[in-house]
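The values are calculated or read from the model by the stated rules, or taken from the named source; none is laboratory data. Values in this document were obtained by computation on a predicted structure and should not be read as measured data. Here the Cβ positions follow ideal geometry from the backbone for every residue, glycine too, while neighbour counts run over all protein chains shown. Heavy atoms of the whole protein, side chains included, go into the accessibility calculation; ligands, DNA and RNA do not. Shrake-Rupley method; radii C 1.70, N 1.55, O 1.52, S 1.80 Å.
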Amino acid sequence: MRADRVYAYGAAAGLLGDHLLGDPRRGHPVAAFGRAAGAVEQVLWRDHRGWGALHTAVCVGGTITLAAAATSALRPSRTASAALTAAATWAVLGGPSLAREAGVIGRALEAGDIDGARARLPHLCGRDPQSLDDDGIARAV
């Protein structure tokens with residue numbers, strides 16, 4: 001089987017897994033990365049652009065190194081390569097969680113609860129909700 005088919009099968013399996021399984025409430029790989037990045041920031045933080053670049057290099061470089069090592073180790077097995085692609089795809093999609101949060105915010109906006117919608121928006125995106133009106137919150141969602 002060609003490598004492009006292995007990746008396609010893995011991506012399709014990851015998409016299906018995201019749809020069927022959703023995201024775990026605890027122990028999600030993206031949340032684990034966020035905690036690790038926060039720990040690195042605690043060690044490296046300085047009010048200086050160079051330290052920020054180092055933080056980025058450590059976090060991104062560590063992720064790339066881990067992905068490259070896993071890919072290299074699993075490359076001989078097409079099944080394992082497809083499973084790795086499926087796991088990575090599942091980890092980064094988050095469709096059910098995003099839809100659930102969007103629904104909560106949408107219901108708050110429909111009920112006229114702009115403060116409730118503002119409180120939930122940071123669960124979905126990095127926008128500062130305090131200066132947003134209901135249309136701005138809807139666009140951010």
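Things worth noting here:
- Legend: calculated FRET efficiency, L20 to A138, from the Cβ-Cβ distance at R0 = 41 Å, rounded to 0.05, equals 0.90.
- Point-charge dipole on Cβ atoms (K/R +1, D/E -1) for the chain, about Cα centre, debye to 20: 740
- Computed E for V43/A87 - FRET, C-beta separation, R0 41 angstrom, nearest 0.05: 0.90
- Candidates A37, A82, A57: whichever shows maximal mean-square fluctuation once the chain is modelled as a Gaussian network with Cα springs under 10 Å: A57
- The stretch 92-135 - percent of accessible surface contributed by carbon and sulfur, probe 1.4 Å: 51
- Compactness of the stretch 61-141, taken as the C-alpha radius of gyration over 2.2 N^0.38 Å, stands at 1.61.
- The stretch 1-60, accessible surface, carbon-and-sulfur percent (1.4 angstrom probe): 64
- Theoretical gain in end-to-end length, I64 to A3 [0.36 nm per residue, Cα-Cα removed]: 20.0 nm
- With all protein chains modelled, accessible area of L44 [1.4 Å, Å²]: 30
- Sequentially through the stretch 80-94, phi angles give Karplus couplings (6.51, -1.76, 1.60; θ = phi - 60°) of 5, 5, 5, 5, 5, 4, 4, 5, 5, 5, 4, 5, 8, 6, x Hz, Gly and Pro residues having no value and appearing as x.
- Residue-wise HN-Hα coupling along the stretch 28-34, computed from phi with Karplus coefficients 6.51, -1.76, 1.60 (Hz; x: Gly, Pro): 6, x, 5, 5, 5, 4, x
- Considering only A12, A111, A32, the Gaussian network model of the chain with Cα springs below 10 Å gives its largest mean-square fluctuation to A111.
- DSSP-loop trypsin sites (Lys or Arg not before Pro) across the stretch 5-40, with at most 16 other Cβ within 10 angstrom: R25, R26
- Entry for the stretch 58-107 at q = 0.16, 0.22 Å⁻¹: log10 I(q)/I(0) = -0.61, -0.81, Debye formula applied to identical alpha-carbon scatterers, no solvent contribution.
- Based on the reciprocal of the average 1/r between different C-alpha atoms, the Kirkwood radius for the chain equals 17.8 Å.
- Acute angle (nearest 10 degrees) that the helix 95-110 long axis makes with the longest principal axis of the chain, alpha-carbon atoms: 10
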